[in-house]
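Some notes on the structure that comes next.
The values are calculated or read from the model by the stated rules, or taken from the named source; none is laboratory data. Bear in mind that the values here come from a model prediction, so they are computed numbers and not experimental data. All Cβ positions, glycine included, derive from the backbone under ideal geometry; neighbour counts span all protein chains shown. Calculation scope for accessible area: heavy atoms of the full protein, side chains included, ligands and nucleic acids excluded. Shrake-Rupley method; radii C 1.70, N 1.55, O 1.52, S 1.80 Å.
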Amino acid sequence: MAYSEKVLSHYETPRNVGSMDKDAKNVGTGIVGAPECGDVMKLQIQVDEATGKIIDAKFKTFGCGSAIASSSLATEWVKGRTLDEALAIKNTQIVQELSLPPVKIHCSVLAEDAIKSAIHDYQEKNGLDHDHAEASEHTKA
Amino acid sequence: MALKLPIYMDHNATTPVDPRVLEAMLPYFTEKFANSASRNHEFGWEAEDGVKLARKQVGDLIGADPKEVIWTSGSTESNNLAIKGVADMYKDKGRHIITAVHEHKATLDPCKRLAKMGYDVTWLEPGPDGIIYAKQVAEAIREDTILVSIMWANNEIGTINELPQIGKVCKEKGVLLHTDATQAVGKIPVDVNEAGIDLLSGSAHKIYGPKGAGFLYVRRRKPRVRLTPIIDGGGHERGMRSGTLNVTGIVGLGKACELCRLEMVEETARLSGLRDRLEKGITSQLEHAVVNGHLTKRLPHTTNISFPYVEGESMMMAIKEIAVSSGSACTSASLEPSYVLKALGLGDEIAHSSIRFGLGRITTEQEVDYTIEKVVTAVKKLLDLSPLYEMVLEGIDINAIEWGAH
Ligand SMILES: Cc1ncc(COP(=O)(O)O)c(C=O)c1O
Ligand code: FES
């Protein structure tokens, strides 16, 4: 399979690889996928409680090159965004940015799910109502 | 000598044609172009001579009489002819067939088709060593068993089934034994009489011959095996496989067999040395890497190594200048984990990241060393990226986690 330049770039030098303390109150952790499916993505965000913005993000991915690239890109994109803005990131944008072929669309879906899951984890930890957050996303859309 | 990239390490998939084989074939395209069945002119005799020599060369390699060699287009056809041909010919005697779950698709699918047609198929399962033992076969044989089809050596992990013993069991019980020896012929000693084989499939392109040429050995004495042909026509090959012979391919196949026979001892020593070097180089630097299947009862040139917590496709991407074969990648990309490795009982996350290295006549020590370095670097990098490995390091049992469906 031929990979796009951008996939190769993220694959060869993945951005924001690493882990944060998952017990910290200002960290949200999302783990999606399953080993038997051949993919597991872990994405973590660190939120600045004063501004509500994501100030840092880290990932680790067990998956194909496209999954690694999608999660690497996702960490870049969430940084500096508010939670609502990050929730608005769509897998189709990842597909477009990385020129993913149809068989690799689900890798981008995983990345979107990982962002959402990390944000929900943060919201739950901090007693924030994430249904409300999702609703606001929909009204914006 | 400078290392040339990419490196070919997929000799179980196919092999390059040996220049000596090509040289033997060339005249049969041009000057000696005739139909080997043209009995009434010199052109025909010349082509027939080439085919005759090839029959002898194949026979010499597997301990068979030249007359017992039936030309086919390759092992897929040979397996089909053997399995379907016996099933139909002996259907009044019984309708039970025994094979194994980790055979090549060219055996599995003909058996599945027969099962749909009302035959009863027993699928033997290997243990973690990948080997089918004679005891399993003996226990599965029934009154109505007409055929046992067990491969000589496995194409994914290179393990060698308990063959002379399986042959003995089949002889004792009077059941025909077919073996798909595609990966074994020319690589390790194969003798149809010693191993009690009644039908044996082989293919030229796995032994430095051309693609599209193969053979089926069909025993003529004790017992005389009969087959219902799949391809009817001019009655070539004792009526078992009609069609004008692929003379060039057959000549190449014959020459390829001759070279394998003459060079086997030396080549086996060289390749198993290189294979061991590769394995040691990798497993000594990567503590989690495991070699799949039996460690001694296997082909000299093949190793299948699993890299737990690393995913197969990303691994292939990291070592893209080395041509190898990967068990699988993510199921969602419609690449399934290898059914052969699953048959050995490997967990999914391990079956997902296995690589088959197939060394061959063109493989050099320098290539092996380069491969070791690349693989080790790639796996270390991917382990750093792996959330599963991180969990393992933290002491979390990843099999105990309830993973979400997706
Ligand atoms: C064990 C085994 N059987 C059968 C085949 C099919 O052989 P051919 O390509 O000659 O049809 C192969 C090759 O992939 C093989 O490895
Ligand atoms: S993770 Fe499944 S194909 Fe990419």
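What the Kirkwood sum gives for segment A:22-78 is a hydrodynamic radius of 11.9 Å, with every pair of different alpha carbons counted. D for chain B, whole µm²/s, Stokes-Einstein with Kirkwood Rh over alpha-carbon pairs at 4 °C and 1.567 mPa s: what number? Translational diffusion coefficient: 58 µm²/s. Here is the list for segment B:93-189: GluC sites (Glu not before Pro) lying in DSSP coil, each with at most 12 other C-beta atoms within 10 angstrom of its C-beta, are B:143. When only Cα pairs under 8 Å and 6 or more residues apart are kept, what is the percent relative contact order across chain B? Result for chain B is 21 percent. In units of the rule-of-thumb radius 2.2 N^0.38 Å, segment B:19-259 shows an alpha carbon radius of gyration of 1.00.
Please arrange A:75, B:364, A:51 by accessible surface area, largest first, computed with a 1.4 Å probe and ligands excluded.
A:51, B:364, A:75
So for segment B:240-356, considering every pair of alpha-carbon atoms, how many percent are separated by more than 20 Å? Within segment B:240-356, distances greater than 20 Å cover 55 percent of Cα pairs. Taken over segment A:5-131, the convex hull of the Cα atoms encloses 96 Å³ per residue. Determine the distance separating the Cα centre of segment B:41-119 from the Cα centre of segment A:38-109; give it in Å without decimals. Measuring centre to centre over Cα atoms gives 54 Å.
Quick check on my link table: of B:52/B:206; A:6/B:342; A:6/B:206; A:6/A:116; A:116/B:105, which ones sit more than 31 Å apart, alpha carbon to alpha carbon?
A:6/B:342; A:6/B:206; A:116/B:105
Averaging Cα coordinates gives a centre for segment B:145-162 and one for segment B:189-256; these two points are 18 Å apart. Entry note: segment B:1-151 has Rg to Rh equal to 1.08, where both radii use alpha-carbon atoms and Rh is the Kirkwood radius. In terms of its Cα atoms, segment B:338-406 spans 47, 29, 21 Å along the principal axes, sorted from long to short. The DSSP beta bridges internal to the protein assembly as shown are antiparallel in roughly 70% of cases.
Scanning chain B for DSSP H helices at least 24 Å long along the axis (C-alpha atoms) with a Kyte-Doolittle mean no lower than 0.0 picks out B:247-283. For peptide B:3-9, the mean count of partner chain Cβ atoms within 10 Å of a residue's Cβ comes to 0.
The residues neighbouring residue B:393, those whose beta-carbon lies less than 13 Å from its own, together hold a net charge of -4 under the Lys/Arg +1, Asp/Glu -1 convention. For the protein assembly as shown, the mean projected area of the C-alpha convex hull, equal to one quarter of the hull surface, is 29.6 nm².
Relative to its residue count, segment B:152-301 spans a Cα convex hull of 130 Å³ per residue. Within the shell of other residues whose beta carbon sits under 10 angstrom from the beta carbon of residue A:56, the net charge comes to +1, with Lys and Arg scored +1 and Asp and Glu -1.
Within 10 Å of each candidate Cβ there may be at most 14 other Cβ atoms; applying that plus a DSSP loop requirement, which chymotrypsin sites (Phe, Trp or Tyr not before Pro) in segment B:1-101 survive?
Filter output for segment B:1-101: B:29, B:33.
Apolar share of the accessible surface for the protein assembly as shown: 53 percent from carbon plus sulfur atoms, 1.4 Å probe. Label positions at residue B:41 and residue A:8, each projected 7 Å from the Cα along the C-beta direction, are separated by 5.6 nm.
Each residue, residue B:288 and residue B:364, gets one label point 7 Å from its Cα in the Cβ direction; the gap between the two is 3.4 nm.
For a paramagnetic label modelled on residue B:101 (point 7 Å from Cα along Cα→Cβ), amide N atoms under 14 Å away belong, within segment B:124-148, to B:124-132. Within the shell of other residues whose beta carbon sits under 15 angstrom from the beta carbon of residue B:184, the net charge comes to -2, with Lys and Arg scored +1 and Asp and Glu -1. Across segment B:19-259, the relative contact order, built from alpha-carbon pairs under 8 Å that are at least six residues apart, equals 27 percent.
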